[in-house]
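Note sheet for the following structure.
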């Protein structure tokens with residue numbers, strides 16, 4: 001898988017360099033060269049934010065299968081899933097931070113929280129989730145840090161530092177770590193559900209937008225999070241997971257593929273419920289957003305990107321080639337990558353329907369339009385943000401013991417079995 | 001001559017007759033009593049009512065607007081007056097006039113709907129603000145604290161009337177040799193001086209109609225009200241039972257936008 005890793009490095013470097021222009025434009029010119037504005041106030045960056053944060057929640061819940069429920073088939077990838085969850089959380093928050101009109105006032109969210117706003121709740125749930133993620137990852141890596149401390153390279157020095165002086169990796173100490181992990185993992189489940197549910201609720205509570213304003217919205221967010229996060233972890237496990245080529249690795253990927261297939265089926269069911277009820281709506285105006293998704297100018301985002309490449313194709317791969325890790329991983333990558341179209345199709349069509357007849361022609365100007373498509377600046381900045389995440393992942397993969405490949409640690413083979 | 005004069009006396013209005021009959025008859029008649037000829041402009045009455053309201057504590061005022069759609073000719077003077085008063089940049093508008101063509105040829109006409117902020121009593125935009133930067137003032141105006149707003153635009157999504165817009169920092173004359181002073185001069189929303197030319201707030205904020213709160217403070221009616229050529233927009237204190245808006249908003253032909261949402265708008269339309 002070295003080849004893959006090199007390819008990802010290349011993508012990260014190109015994305016970082018090219019995307020830097022988007023960052024420059026956002027910092028230098030603010031919100032001038034963007035497509036969102038007054039009538040469609042949220043765009044690609046908000047969609048990317050709910051997408052990435054969903055991936056984070058999904059990846060975390062996969063790790064919770066290991067640490068809270070002790071699912072043995074996944075025990076080797078718990079750390080990788082946690083690490084992915086932290087990185088995707090970090091870049092999602094960066095996306096939304098630069099989306100703010102006044103990023104320098106973001107501290108107000110914590111200092112002057114309005115708890116009648118779902119966004120106010122979201123901030124605190126994120127903070128709690130972030131602290132929990134960091135703590136959990138530390139406990140998950142603690143024994144590996146101690147083991148790596150013996151190394152003479154940079155990773156060894158970093159591991160020594162990150163032990164924070166706690167060099168005890170005896171069986172007892174590891175047992176302690178594991179019980180802490182079980183507590184943190186168990187706490188994390190309701191927390192992850194609450195925080196991503198609050199992201200869904202943030203949209204769900206907006207009565208002015210009938211498309212968002214349903215009790216199904218937070219549930220769709222959660223299932224979508226599990227699906228996109230699980231799919232990404234499947235791909236990552238295939239490429240970066242421990243003991244590649246072993247029967248155990250193969251088994252892990254196939255098992256993940258089965259989970260993803262089940263989630264894909266559940267997500268499709270919910271989507272069917274949402275669209276069939278919405279379109280049948282006896283108040284035609286309420287179906288306007290969905291008609292926009294299915295038959296509007298960006299119909300291909302739903303039919304081609306989401307349905308064909310993100311649901312049908314990977315679904316077929318998982319059903320008919322579910323025993324071949326490479327196919328399963330490809331399906332995972334397709335689902336995870338195309339899921340941004342689902343998030344875009346939540347954010348934009350909810351806003352792109354005029355709230356009052358005649359508004360679109362009443363007073364015109366930049367931002368006073370209902371037709372949204374991201375500008376080059378928006379795409380480039382998002383590419384830059386994702387590249388930063390990719391860098392962080394690739395560097396972390398090298399210098400942190402997020403993958404406990406055999407021979408690199410001194411953890412006895414039976415350590416995890418107790419879970 | 002006399003017959004014509006009689007005819008006029010019989011059919012013409014008092015005013016018309018008063019003006020014409022002396023010319024026709026060559027008879028000097030005394031000027032009609034002033035009270036019969038002068039009619040107080042609605043603006044004069046509303047300004048007096050405004051002064052009266054300002055003498056009360058803010059919490060006892062209830063600013064409302066009444067828009068008579070039968071009188072609106074769709075000239076958009078109110079929109080432009082608002083843009084000029086608040087020095088609104090491209091992409092920001094507080095009071096567009098929505099136009100709709102109704103009927104089928106040959107029975108076609110235009111319907112005009114000026115849409116300021118409704119200053120709802122149950123504003124959906126207020127509870128969603130994560131930092132409490134937008135709030136309902138005691139006098140009923142839904143205001144934004146520009147210094148506290150973080151620019152997340154959640155409130156814009158929550159407004160059912162699209163009454164909030166986002167100031168992205170654009171200038172009308174940015175592609176010309178120099179920014180014109182009509183854009184770079186500060187505006188005085190909420191009775192404070194806001195200088196956009198430095199890139200500061202309200203750039204990056206949500207913005208909205210606030211019934212020209214700064215003009216009210218100075219005893220002046222909102223810019224859209226004074227500019228309306230047809231006197232189709234009325235403004236005043238609903239807590240004052242003798243005010244013009246109290247009279248008008250009690251008409252059976254009064255309606256409010258999206259009444260079914262329960263937002264309790266404080267802008268009334270006469271249809």
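Here, each number is a calculation from the coordinates, and none is a lab measurement. What you are looking at is a predicted structure, and each value in this text was computed from that prediction instead of being measured. Positions of Cβ are generated from backbone atoms using ideal geometry, with glycine treated the same way; all protein chains shown enter the neighbour counts.
A few remarks follow.
- Average silhouette area of the protein assembly as shown, convex hull of alpha-carbon atoms, in square nanometres: 39.8
- Three semi-axes of the equivalent ellipsoid, region A:121-191, Cα gyration tensor, whole Å, largest first: 26, 15, 7
- Packing order of peptides A:26-37, B:207-218, B:178-189, highest average first: B:207-218, A:26-37, B:178-189 (average count of other Cβ atoms within 10 Å over each peptide's residues).
- Net length gained if the chain between residue A:337 and residue A:173 were fully extended (0.36 nm per residue, minus Cα distance): 55.1 nm
- FRET E, pair residue A:320, residue B:218, Förster distance 60 Å, beta-carbon r, rounded to 0.05: 0.20
- Cα-based Rg and Dmax for region B:42-270, where Dmax is the largest Cα-Cα distance (Å): 17.7, 54
- If R0 is taken as 41 Å, the Cβ-Cβ distance between residue A:111 and residue A:166 corresponds to a FRET efficiency of 0.80.
- Counting neighbouring beta carbons within 10 Å and listing from fewest to most, the residues A:105, A:6 come out as A:6, A:105.
- Of interest is the spacing of the C-alpha centroids, which for region A:70-115 and region A:3-55 amounts to 16 Å.
- Neighbour counting of Cβ atoms within 10 Å sorts the residues A:343, B:164, fewest neighbours leading, into A:343, B:164.
- Principal axis box of region A:5-86, alpha-carbon based, largest edge first, Å: 51, 35, 15
- Principal-axis tilt of helix B:42-54 within chain B, Cα atoms, nearest 10 degrees: 50
- With contributions of -39500 (n - 2.57) from each DSSP H run of at least four residues, the per-residue ellipticity at 222 nm computed over the protein assembly as shown stands at -17000 deg cm²/dmol.
- Peptide B:90-102, shielding by other chains (average Cβ, 10 Å cutoff): 5
- Taking a point 7 Å out from the Cα of residue B:77 in the direction of its Cβ, the residues of region B:211-255 whose backbone N falls within less than 14 Å of it are B:223-234.
- Between the Cα long axis of helix A:2-29 and the first principal axis of chain A there is an angle of about 40°, rounded to the nearest 10.
- Protection proxy ranking for A:361-372, A:152-163, A:222-233, B:239-250, using the average of other Cβ atoms within 10 Å per residue and placing the highest first: A:222-233, A:361-372, B:239-250, A:152-163.
- With the simple model of a label 7 Å out from the Cα in the direction of the Cβ, residue A:14 to residue B:136 spans 5.5 nm.
- Of all DSSP beta bridges confined to region B:78-234, the antiparallel ones make up roughly 100%.
- Principal-axis analysis of the Cα atoms of chain A puts helix A:118-148 at an angle of about 20° to the longest axis.
- Here the residues B:75, B:159, ranked from fewest to most Cβ neighbours within 10 Å of their Cβ, fall in the order B:75, B:159.
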